[in-house]
Amino acid sequence: MVIDGHNDLVLKRWQGEEPEHVRLEDAAAAGFAGGFFALHVPSPHPDAGEHDLWSQPFADPIPFAEAAPVADELYDVLGSLPVRRAAAAADFEDGVVTAVVHLEGAEAIAPDLSNLERWYERGLRSLGLVWSRPNAFAEGVPFRFPSSPDTGPGLTGAGRALVRACNRLGVLVDLSHLNEAGFWDVAAVSDAPLVATHSNAHAICAASRNLTDRQLRAIRDSGGVVGVNFAVTFLREDGRFLPDETTVEDIVRHVDHLVDVMGIDHVAFGSDFDGAGLPTELDGLRGLPPLVEALRSRYDDDAVAKITHGNWLRVFAATWR
Ligand code: ZN
């Protein structure tokens, strides 16, 4: 059973496109039991494409009044998919696709948090304060390579209040797409395990989106998890978009480093399916079984089970009410 930290199937569907990676008809054969389904309000300028990722300008803010109706549409798209909604760790089972409702960027949350509980009642169980653009709560990390993740200021007062409110409700707070100052602010405020749903090791790939060993140790110390991102540009040492020359072994290399720094209890998957360009040989759900096989050649069954689903389930149980 695989539980995954990030996919953008909902955005694909909202854009009227067919999924490239999360073809739900492949889920059973791939052992895909779901995971985080992102509701992400896209930035208005068209995506320059993965190969130009590092030359993209820092995205402009999207005001609440513009973002909220789009997020409602994304939520309806999620509701139209044949997936179950997760409210407890026990909701995940083999042979069923279960979705953690995840806001990637909190633009659809009012800066006074007045609609947060309504989102919780609708099933929201995970929230990233920012995507890679500033908002009322924090400043995201721009896509830069090579670059430290320390690119700007941390959380605003509203951002700190949002973290506390998520702790109170039992909503997981996601650190992926946050800059380093924001990361340490969340670490100081939050009383829940620290989680980066789809980020990699900065020691291997020096992208602004990846996590330094110091950040990884803070996640470990909190009992949290990092979901390894399968995106070519966040895997490769050279940061280049070369999908044909990037392999499952590049993913395993990040897993190994994360395990070295944090231990086996803190590493999981965070594919970025349908949100990024992936290695050609791992182009969607059908690539999961070969990846799991590659891990089996290095880790025992218990360790593999923690990476594929056990660690996510532990964090859900520790975070959700
Ligand atoms: Zn993302």
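Scanning the chain for DSSP H helices at least 20 Å long along the axis (C-alpha atoms) with a Kyte-Doolittle mean no lower than -0.5 picks out 64-80, 248-262. Which whole-number percentage describes the relative contact order of the chain, with Cα contacts under 8 Å and a sequence gap of 6 or more? Relative contact order comes out at 20 percent. Taking all protein chains together and rolling a 1.4 Å probe, Asp260 ends up with roughly 130 Å² accessible.
Only alpha carbons enter this Debye calculation for the chain, each as an equal point scatterer, and the log10 of I(q)/I(0) it gives at q = 0.08, 0.13, 0.15 Å⁻¹ is -0.30, -0.86, -1.22. Charges were assigned to the Cβ only: +1 to each Lys and Arg, -1 to each Asp and Glu. The resulting dipole of segment 212-264 about its Cα centre is roughly 300 debye. When both segment 187-208 and segment 210-289 are represented by their alpha-carbon centers, they are found 12 Å apart. Using 0.36 nm per residue and subtracting the Cα-Cα separation, the extra length available between Asp60 and Glu245 on full extension is 63.3 nm.
The modelled label-to-label distance between Ala317 and Ser114, using points 7 Å beyond Cα along the C-beta direction, is 4.0 nm. Using heavy atoms of the protein chains and a probe of 1.4 Å, the accessible area assigned to Arg296 is about 110 Å². A simple spin-label model places the labels of Asp238 and Ala90 5.2 nm from each other, with each point 7 Å out along Cα-to-Cβ. A Förster radius of 25 Å combined with the Cβ-Cβ distance from Glu281 to Gln15 puts the calculated FRET efficiency at roughly 0.45.
Amide hydrogen proximity for Leu103: with H placed 1.01 Å from N in the peptide plane, the residues at 5 or more positions away or on another chain lying under 5 Å are Leu39, Ser126, Leu127, Gly128.
If you rank His309, His40 by how much accessible surface each has, with a 1.4 Å probe, what is the order from largest down? All intermediate terms of the calculation are to be shown ahead of the outcome.
On the way: His309 40, His40 15 Å².
My answer, sorted largest first, is His309, His40.
With contacts taken as Cα pairs under 8 Å at a separation of at least 6 residues, segment 104-253 carries a relative contact order of 19 percent. Over all directions, what mean area does the Cα convex hull of segment 138-238 project, stated in square nanometres? Its average projected convex-hull area is 5.7 nm².
Segment 138-179 and segment 67-134 have Cα centres separated by 17 Å.
The values are calculated or read from the model by the stated rules, or taken from the named source; none is laboratory data. Because the structure is a prediction, the values reported are computed rather than measured. Neighbour counts run over all protein chains shown; Cβ positions are idealised from the backbone, glycine included. The accessibility values were calculated without ligands, DNA or RNA, using every heavy atom of the protein model including side chains. Shrake-Rupley method; radii C 1.70, N 1.55, O 1.52, S 1.80 Å.
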